[in-house]
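What follows is a single structure, written as structure tokens, with notes after it.
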Number of protein chains: 2
Amino acid sequence: MITHSHQNAPTQYVQANGIRFGYRRFGKAGGVPLVFNMHFMGTMDHWDPAVTDGFAKEREVILFDNAGVSNSSGDVPGSVREMGANAIAFIKALGLKQVDALGLSIGGFVAQEITLQAPDLVRRLVLVGTGPRSGESMDTGTSEGKQIFGATYEHPDNLWLRVHFTPSEVSQAAGRKFLQRFRLRAKDRDPEVTEKAALEQRTAIAEWGAKHEHAWDYLKEIKQPTLVVNGSDDVIIYTINSYILQQNLPNAQLIIYPDSAHGSLYQYPELFVDHVSTFLSSADPWAP
Amino acid sequence: MITHSHQNAPTQYVQANGIRFGYRRFGKAGGVPLVFNMHFMGTMDHWDPAVTDGFAKEREVILFDNAGVSNSSGDVPGSVREMGANAIAFIKALGLKQVDALGLSIGGFVAQEITLQAPDLVRRLVLVGTGPRSGESMDTGTSEGKQIFGATYEHPDNLWLRVHFTPSEVSQAAGRKFLQRFRLRAKDRDPEVTEKAALEQRTAIAEWGAKHEHAWDYLKEIKQPTLVVNGSDDVIIYTINSYILQQNLPNAQLIIYPDSAHGSLYQYPELFVDHVSTFLSSADPWAP
């Protein structure tokens with residue numbers, strides 16, 4: 001039975017780790033749910049219904065706000081490690097024994113931390129527009145990223161046209177369609193992320209990105225089949241970091257889409273759902 | 001109507017450019033055929049029936065020996081450019097106006113040359129285990145490649161276990177299954193490639209790989225939607241070259257499979273057919 005959709009799933013709440021977590025749960029129940037971990041400054045509403053409802057046909061989808069973000073209480077912690085611990089507490093509070101974890105950008109860092117801290121909880125991992133600890137230009141952030149997040153926009157949503165899409169006509173047109181889809185949910189929208197929360201997220205991002213020797217060794221501990229996805233021209237977290245993830249994870253597949261950026265999943269939603277569903281449904285213990 | 005299969009398609013001949021080309025043609029006719037370009041020292045028999053027959057369900061498959069190789073007359077030319085010209089002559093001699101081109105390793109170089117020299121002839125391009133002109137370690141060849149091709153093997157077929165698969169147990173087991181499949185065709189097998197032909201292929205490979213400034217600029221001329229595929233650990237043409245192809249081609253998607261090498265399509269034949277079919281069937285003018 002498929003219950004609710006992206007547009008009408010009610011925001012629910014669960015208590016864990018002293019946090020009241022806001023979440024939404026919809027789709028075809030009974031299998032391993034897919035838990036979505038959001039990017040910097042994003043709320044549950046920033047997920048693309050073409051992606052979430054695409055998955056919901058075949059599996060249960062769980063969206064949530066991590067601690068201190070939007071509908072969830074508490075403070076944004078200063079490290080991804082603590083964000084991962086909060087996410088684990090949230091997942092366990094729902095009574096779940098095993099999930100598939102998907103993360104976008106900082107959500108991809110959190111998904112890695114969930115897997116490292118609670119390996120039995122995660123069946124398969126999907127990392128989109130993200131990178132490893134100490135990835136390329138991840139200590140300071142990219143110059144493009146600073147420019148894009150530092151600029152002002154006629155309409156605030158237009159920030160996402162530059163974060164998630166390339167400057168090409170085709171990509172920008174896809175971006176405008178995404179912005180429409182992401183505004184479709186009219187009722188019970190998530191509050192925007194506060195400036196304080198965004199600043200705290202930045203602290204955690206810098207801590208994750210800081211340069212350390214042998215920083216990628218930890219990836220060898222992630223044994224789960226992993227699918228790494230990115231756009232060809234991600235200027236927020238450079239695309240090469242997706243290649244680095246693939247090369248250093250023991251069991252990872254990489255897909256890079258053409259003429260696309262940080263939000264490649266929003267540019268090619270049907271194809272993304274198709275590729276990820278193939279990966280999640282495969283009986284092969286190796287990533288595909 | 002599906003006519004013949006990998007195992008029983010007769011070897012046919014067509015004359016072009018002064019060459020008598022050996023080829024086989026099978027599968028579902030009526031659409032755009034998929035033309036396979038073979039690797040160093042390979043004949044039509046070296047293609048995996050799990051791949052070719054997988055495609056043949058939905059499209060016509062054309063295998064051929066390029067000039068001087070196995071069943072085809074003439075000499076192997078000393079440059080990939082001439083190999084491309086020969087391949088174009090062959091395709092046109094069949095009366096075809098448009099094809100999809102797939103190339104593995106040196107066959108991927110040839111597929112690029114076909115596309116550069118006859119852009120109207122090629123609808124979509126699939127490049128597997130290959131790289132650009134002047135790619136990384138493509139001038140001298142890799143140290144692993146020299147070791148692997150220089151060694152002797154108890155059974156000559158075992159060379160391909162080292163060329164196409166990683167040393168892991170899982171990959172080697174997949175390799176042994178591939179060797180069985182590639183020996184299934186009992187009658188009308190292609191003659192092995194002669195030492196002379198292999199030496200000439202090496203000359204062309206070295207010419208293609210030679211270091212030049214701005215060597216990757218030519219990739220911008222390949223406007224066709226392209227799918228680049230490789231294994232995570234290709235030691236014949238390093239995997240990074242697949243990333244370089246994706247980053248420099250204007251319209252390319254990249255897929256890298258885990259724990260796999262030069263012959264990733266032989267390790268994951270069903271998945272490869274699935275990914276490539278999705279790509280070839282897509283109505284999107286962008287690669288996916």
Return a yes/no flag: does the stretch B:24-31 have any residue that is buried (at least 23 other Cβ atoms within 10 Å of the Cβ), out of contact with any strand residue (DSSP E or B) (no Cβ under 9 Å at 6 or more places or on another chain) and in contact (Cβ under 8 Å) with a residue 12 or more places away in the chain.
no
Which of the residues spanning the stretch A:142-164 are surrounded by 11 or more Cβ atoms within 10 Å (Cβ to Cβ) and of a type in the set (Asp, Glu)?
A:Glu144, A:Asp157
Which condition from (1) at pLDDT below 95; (2) more than 8 Å from chain A (Cβ to nearest Cβ); (3) in contact with a Leu (Cβ under 6 Å, 6 or more places away or on another chain) is the one that B:Asn248 breaks?
(1)
Contacts under 6 angstrom Cβ, first residue in the stretch A:228-244 being under 11 Å from A:Val128 (Cα atoms), partner surrounded by fewer than 24 Cβ atoms within 10 Å (Cβ to Cβ) and small (Gly, Ala, Ser), 6 or more apart
A:Asn241/A:Gly135
Out of (1) buried (at least 20 other Cβ atoms within 10 Å of the Cβ); (2) of a type in the set (A, V, I, L, M); (3) within 28 Å of A:Gly131 (Cβ to Cβ), the odd one out for A:Ala89 is which?
(1)
Looking at A:Gln112, A:Gln117, can you tell me which residue is more than 16 Å from the chain's Cα centre (by Cα) and of a type outside the set (A, V, I, L, M, F, W, C)?
A:Gln117
Restricting the stretch B:43-73 to residues that are acidic (Asp, Glu) and within 12 Å of the chain's Cα centre (by Cα), the residue that is surrounded by the most Cβ atoms within 10 Å (Cβ to Cβ):
B:Asp65
Out of B:Lys187, B:Lys177, B:Lys196, which single residue is more than 11 Å from chain A (Cβ to nearest Cβ), part of a helix (DSSP H, G or I), closer than 23 Å to B:Ser5 by Cα and of a type in the set (Lys, Arg)?
B:Lys177
Residue by residue through the stretch B:130-159, note down the ones that are closer than 21 Å to B:Arg183 by Cβ and in contact with a Leu (Cβ under 6 Å, 6 or more places away or on another chain).
B:Tyr153, B:Asp157
Which of the residues that make up the stretch A:171-201 are touching a residue at least 60 places away in the same chain (Cβ under 8 Å) and closer than 25 Å to A:Ser260 by Cβ?
A:Ser171, A:Ala174, A:Gly175, A:Phe178, A:Arg181, A:Phe182, A:Leu184, A:Arg185, A:Val193, A:Ala198, A:Gln201
Residues of the stretch B:275-288 satisfying the condition of being more than 10 Å from chain A (Cβ to nearest Cβ) and either at pLDDT 95 or above or not in a loop (DSSP other than H, G, I, E, B) (or both)
B:Val276, B:Ser277, B:Leu280, B:Ser281
Of all residues in the stretch A:212-258, which are touching a Pro at 6+ places or on another chain (Cβ under 8 Å), assigned to a loop (DSSP other than H, G, I, E, B) and over 16 Å from A:Leu116 (Cα atoms)?
A:Ser232, A:Pro258
Can you tell me which residue is surrounded by the fewest Cβ atoms within 10 Å (Cβ to Cβ) among those in the stretch B:199-242 that are among the β-branched types (Val, Ile, Thr) and within 14 Å of chain A (Cβ to nearest Cβ)?
B:Ile240
Within the stretch A:251-274, restricting attention to residues that are in contact with a strand residue (DSSP E or B) (Cβ under 9 Å, 6 or more places away or on another chain) and more than 8 Å from chain B (Cβ to nearest Cβ), which residue is surrounded by the fewest Cβ atoms within 10 Å (Cβ to Cβ)?
A:Phe272
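The values are calculated or read from the model by the stated rules, or taken from the named source; none is laboratory data. Quick caveat, the model's predicted, so the values are computed rather than measured. When we count neighbours, we look across all protein chains shown, and the Cβ atoms used for this are built from the backbone with ideal geometry, even at glycine.
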